């Protein structure tokens, strides 16, 4: 009964947040499409936990200024990764290499769990 209720709540919450849920009748597994919104939420959570700026750039006196230490998602060649802002000029450090959205989602979760363990 608890497993069924958990699966139901998971599907309901996922539908509310992302609007995309897939239920496979053959295997009885729930498949979720990983969205950019989910990745952005995880990145924001990581920045908050580490007391880092939430945006990569801010506008000061009409100029864009890089926010050193900010983690942000980048996309290249149809893949996704995580960059950390490293210099005032906008130089970056690649934190998580390019991969699928699901791979980045999993890596971000692991990174956040590591931060929680280190700060506990």
### Query
Since residue 47 meets every condition but one in (1) modelled with pLDDT of 70 or more; (2) loosely packed, with under 15 Cβ neighbours inside 10 Å; (3) in contact with a strand residue (DSSP E or B) (Cβ under 9 Å, 6 or more places away or on another chain), which condition does it not meet?
(2)
### Query
If you scan region 84-99, which residues turn out to be in contact (Cβ under 8 Å) with a residue 24 or more places away in the chain and under 19 Å from the mean Cα position of the chain (by Cα)?
85, 95
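Based on this model, can you work out whether residue 69 counts as part of a loop (DSSP other than H, G, I, E, B), outside the structural domain of residue 105 (by TED's automatic domain parsing) and either more than 27 Å from residue 115 (Cα to Cα) or modelled with pLDDT of 55 or more (or both)?
Numbers: part of a loop (DSSP other than H, G, I, E, B): yes; outside the structural domain of residue 105 (by TED's automatic domain parsing): no; either more than 27 Å from residue 115 (Cα to Cα) or modelled with pLDDT of 55 or more (or both): yes.
Considered against the rule, which asks whether it is part of a loop (DSSP other than H, G, I, E, B), outside the structural domain of residue 105 (by TED's automatic domain parsing) and either more than 27 Å from residue 115 (Cα to Cα) or modelled with pLDDT of 55 or more (or both), residue 69 comes out as no.
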### Message
Suppose the filter is in contact with a helix residue (DSSP H, G or I) (Cβ under 9 Å, 6 or more places away or on another chain), under 22 Å from residue 119 (Cβ atoms) and either at pLDDT 95 or above or part of a loop (DSSP other than H, G, I, E, B) (or both); does residue 82 pass it?
### Response
yes
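The values are calculated or read from the model by the stated rules, or taken from the named source; none is laboratory data. These figures come from a predicted structure and were not determined experimentally. Note: ideal-geometry Cβ built from the backbone for every residue, glycine included; neighbour counts use all protein chains shown.
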